[in-house]
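The values are calculated or read from the model by the stated rules, or taken from the named source; none is laboratory data. Given the structure is predicted, the values throughout are model-derived calculations rather than measurements. Note that we place each Cβ from the backbone using ideal geometry, even for glycine, and neighbour counts take in every protein chain shown.
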Ligand code: NAP
């Protein structure tokens, strides 16, 4: 039977520590400030933005929201980013993705001051992750590292298989595991005999975006299974990329969806903003 890695509990413990850090910064006259920019009215993005604002308030941090219409031009958004880059009470800038079609996401990401890039998507921060000399880590992989650490399991020397190679999850995740001395394999849609490769994993990290894709036949007995997916099942219920009911009896450790990786992502955004403010 897999032991559940409780993302809510790990997140709550991390936030309690961060609250103290914020209080210490406030005593020095520094209030970590996050600007969240949302363009258009995508309902999912709206929920994420509200959760980010709530998390800031809970930790005693400052936040500003810029809700721009879906017709905003690239020049207008670049002008806002330029203003936020020099705004002294703002330490972190987050532009909620995806952006409307008329705006080039790459240009916007590259316009954010790397020292305020709390999503760690700027090429400079991505490069820093590659060489293992980073200030910010992308929030989801950083949260997963905390979840793994919470189990007390040693990563060094373990076989780690990451399924998914996106720039925001799969690739940085693989790099962080490599820095911790795992032997890392990255899989994707062209991987041959995925099940056979996945079964090698002591630590299997799944980030593909396909509901219940990973079943027990893809998991080595006793493996740690980290499910990044946020999908909908046939009844429209939130679920992960892993068939939890099928895999849990075989796994050593497993993250549920919801309540696993998800709660850690915003917590790590707060972490990065505190770091940007000098904490
Ligand atoms: P993405 O950019 O769509 O990337 C998906 C990756 O999965 C790609 O590398 C793709 O391979 C691979 N893939 C797709 N089908 C596959 C298959 N049949 N076999 C093997 N690999 C396959 O997705 P993402 O942004 O990384 O997100 C992945 C999931 O994590 C989504 O459900 C997303 O909602 C969730 N997510 C959750 C959080 C959180 O906070 N919990 C944060 C971010 C993302 P190719 O490269 O070959 O196409």
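Against the definition (over 25 Å from residue 17 (Cβ atoms), within 11 Å of the ligand (Cβ to nearest atom) and touching a residue at least 24 places away in the same chain (Cβ under 8 Å)), how does residue 163 come out, yes or no?
So residue 163 passes the test.
Would you mind finding the one in 108, 129 that is closer than 25 Å to residue 161 by Cα, modelled with pLDDT of 95 or more and part of a helix (DSSP H, G or I)?
Being closer than 25 Å to residue 161 by Cα, modelled with pLDDT of 95 or more and part of a helix (DSSP H, G or I) holds for just one of 108, 129, which is 129.
State which residue is farthest from the ligand (Cβ to nearest atom) when the search covers only segment 174-204 and only residues that are within 21 Å of residue 120 (Cα to Cα) and in contact (Cβ under 8 Å) with a residue 40 or more places away in the chain.
If we take residues in segment 174-204 being within 21 Å of residue 120 (Cα to Cα) and in contact (Cβ under 8 Å) with a residue 40 or more places away in the chain, then 179 is farthest from the ligand (Cβ to nearest atom).
Taking residue 276 as the residue in question, decide whether it is over 16 Å from the mean Cα position of the chain (by Cα), away from the ligand (no atom under 16 Å from the Cβ) and surrounded by 24 or more Cβ atoms within 10 Å (Cβ to Cβ).
No: the conditions fail for residue 276.
Name the single residue that is nearest to residue 272 (Cα to Cα) among those in segment 136-164 being under 15 Å from the mean Cα position of the chain (by Cα) and in a loop (DSSP other than H, G, I, E, B).
Restricting to residues being under 15 Å from the mean Cα position of the chain (by Cα) and in a loop (DSSP other than H, G, I, E, B), the top hit is 136.
Which residue pairs have Cβ atoms closer than 8 Å, lie 6 or more positions apart in sequence or on different chains, and pair a first residue in segment 208-224 that is more than 14 Å from residue 187 (Cα to Cα) and in contact (Cβ under 8 Å) with a residue 24 or more places away in the chain with a second residue that is part of a loop (DSSP other than H, G, I, E, B) and near the ligand (Cβ under 8 Å from one of its atoms)?
As it stands, the answer is 210/229; 210/241; 211/229; 211/240; 211/241; 212/240; 212/241, since those pairs meet every condition given.
Mind telling me which of the residues 218, 224, 230 ends up being within 15 Å of the ligand (Cβ to nearest atom) and crowded, with 24+ Cβ neighbours inside 10 Å?
Answer to the check: 218.
In segment 56-98, what residues are in a helix (DSSP H, G or I) and in contact with a strand residue (DSSP E or B) (Cβ under 9 Å, 6 or more places away or on another chain)?
Listed by number, the residues that qualify are 56, 57, 76, 77, 80, 81, 84, 85.
Which residues, counting only those in segment 240-266, are more than 10 Å from the ligand (Cβ to nearest atom), surrounded by 18 or more Cβ atoms within 10 Å (Cβ to Cβ) and under 16 Å from residue 8 (Cα atoms)?
Correct list: 253, 254, 256.
Residue 235 versus (1) surrounded by fewer than 18 Cβ atoms within 10 Å (Cβ to Cβ); (2) more than 12 Å from the ligand (Cβ to nearest atom); (3) more than 24 Å from residue 249 (Cα to Cα): which is the lone unmet condition?
Only one criterion in (1) surrounded by fewer than 18 Cβ atoms within 10 Å (Cβ to Cβ); (2) more than 12 Å from the ligand (Cβ to nearest atom); (3) more than 24 Å from residue 249 (Cα to Cα) is unmet by residue 235, namely (3).
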